[in-house]
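One structure is given below, encoded as structure tokens.
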Amino acid sequence: MKRASLLTLALAAGLFGHGEARAADLGIARPPMPPVIEEYGSGWYLRGDIGWSGYSGVSADYITYGEPDAAFTGANLEDSWFAGAGMGYRFGWFRADVTADYRFHSQFSGTWEGNAYTGEETNWSVLVNGYVDLGTWSGITPYIGGGLGGAYHGTSGWRVNDVNLFADGSNWDFAWAVMAGFAVQVSPHALIDIGYRYVDLGKPESGFGLDDLTSTSKIRLDNVTAHELRAGVRYMID
């Protein structure tokens with residue numbers, strides 16, 4: 001009985017091998033292996049941010065014929081809010097992006113030769129930024145970074161002792177920033193980004209004076225820097 005079983009198994013193996021060889025001789029291809037699926041990430045991401053700008057160290061000058069005449073006393077620029085968006089690319093532990101942020105109206109006030117000056121300032125900043133991710137622990141990735149670019153300032157509502165004596169102004173200036181923060185992975189594609197940024201926005205200016213006595217004069221804000229807290233979302237495009 002055992003011999004019959006062994007003989008049957010040997011015969012079946014021989015027939016299988018012979019059939020496989022015949023199939024190869026006849027040019028019949030074996031069924032293809034299923035393809036290996038590899039995950040692919042593009043590295044591109046979109047971002048959106050909102051935050052608070054706390055202006056610090058602001059000073060102001062009365063400018064005549066393009067030269068500083070005298071400094072204001074008690075110069076102050078109220079804190080403001082901002083919103084921004086950007087697009088970037090991740091190269092492993094290094095990231096780079098371009099961001100545009102709009103800072104809403106902020107009230108300026110100061111005194112020059114006993115006269116009270118007020119005005120409003122808004123600005124756009126466009127920065128090219130680079131970041132270094134410092135590692136990931138439990139889905140949390142701290143980072144540091146810096147950026148260079150420009151700021152576009154718009155000023156309006158200039159009044160001296162409640163009298164409108166200066167025209168609205170606008171100008172571009174150099175801007176730079178340093179930042180630090182951390183990102184929290186909340187889905188395969190999305191991260192919450194919480195950060196701090198110190199930004200130098202340059203020197204916004206008023207327009208020229210509106211009467212004969214001030215027609216060659218401007219008001220210029222100096223050292224417009226801000227400590228900013230921001231929160232946003234980065235969405236990886238895969």
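Conditions (1) buried (at least 16 other Cβ atoms within 10 Å of the Cβ); (2) out of contact with any strand residue (DSSP E or B) (no Cβ under 9 Å at 6 or more places or on another chain), marked per residue:
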residue	(1), (2)
GLY114	no, yes
THR118	no, no
ILE140	no, no
GLY147	yes, no
HIS153	yes, no
VAL163	no, yes
GLY169	yes, no
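This table checks each residue for (1) closer than 23 Å to PRO188 by Cα; (2) assigned to a strand (DSSP E or B); (3) among the β-branched types (Val, Ile, Thr).
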{"position": "GLY51", "(1), (2), (3)": "no, yes, no"}
{"position": "TYR62", "(1), (2), (3)": "no, yes, no"}
{"position": "TYR89", "(1), (2), (3)": "yes, yes, no"}
{"position": "TYR102", "(1), (2), (3)": "no, yes, no"}
{"position": "TYR117", "(1), (2), (3)": "no, yes, no"}
{"position": "ASN123", "(1), (2), (3)": "no, yes, no"}
{"position": "VAL128", "(1), (2), (3)": "no, yes, yes"}
{"position": "TYR131", "(1), (2), (3)": "yes, yes, no"}
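Test GLY157 against the criterion of being part of a strand (DSSP E or B) and at positive phi, and give yes or no. Can you show your working first?
On the way: part of a strand (DSSP E or B): yes; at positive phi: yes.
Yes, satisfied.
Mind checking which pairs have a first residue in region 59-82 that is farther than 10 Å from ASP222 by Cβ and a second that is of a type in the set (A, V, I, L, M, F, W, C) and not in a strand (DSSP E or B), Cβ under 6 Å, 6 or more apart or different chains?
Between residues of region 59-82 that are farther than 10 Å from ASP222 by Cβ and residues that are of a type in the set (A, V, I, L, M, F, W, C) and not in a strand (DSSP E or B), the close pairs are LEU77/VAL58.
Could you please let me know if TYR65 is of a type in the set (Phe, Trp, Tyr), under 30 Å from LYS203 (Cβ atoms) and modelled with pLDDT under 90?
Numbers: of a type in the set (Phe, Trp, Tyr): yes; under 30 Å from LYS203 (Cβ atoms): yes; modelled with pLDDT under 90: yes.
Yes.
Regarding region 56-78, can at least one residue be identified that is among the acidic types (Asp, Glu), surrounded by 14 or more Cβ atoms within 10 Å (Cβ to Cβ), within 30 Å of ALA167 (Cβ to Cβ) and within 24 Å of the chain's Cα centre (by Cα)?
Yes; the residues of region 56-78 include at least one that is among the acidic types (Asp, Glu), surrounded by 14 or more Cβ atoms within 10 Å (Cβ to Cβ), within 30 Å of ALA167 (Cβ to Cβ) and within 24 Å of the chain's Cα centre (by Cα).
Would you pick out the residues in region 186-222 that are touching a Lys or Arg at 6+ places or on another chain (Cβ under 9 Å), more than 22 Å from GLU67 (Cα to Cα) and among the hydrophobic types (A, V, I, L, M, F, W, C)?
Residues satisfying the conditions are ALA190, LEU191, ILE192, ILE194.
When you go through TRP124, TRP137 one by one, which is the residue that is among the hydrophobic types (A, V, I, L, M, F, W, C) and within 15 Å of the chain's Cα centre (by Cα)? Steps first, answer last, please.
Working: TRP137 fails: within 15 Å of the chain's Cα centre (by Cα).
Residue meeting the stated conditions: TRP124.
The values are calculated or read from the model by the stated rules, or taken from the named source; none is laboratory data. Note that the structure is predicted; figures quoted are calculated from it, not measured. Glycine gets a Cβ as well: all are built from the backbone with ideal geometry, and neighbour counts include every protein chain shown.
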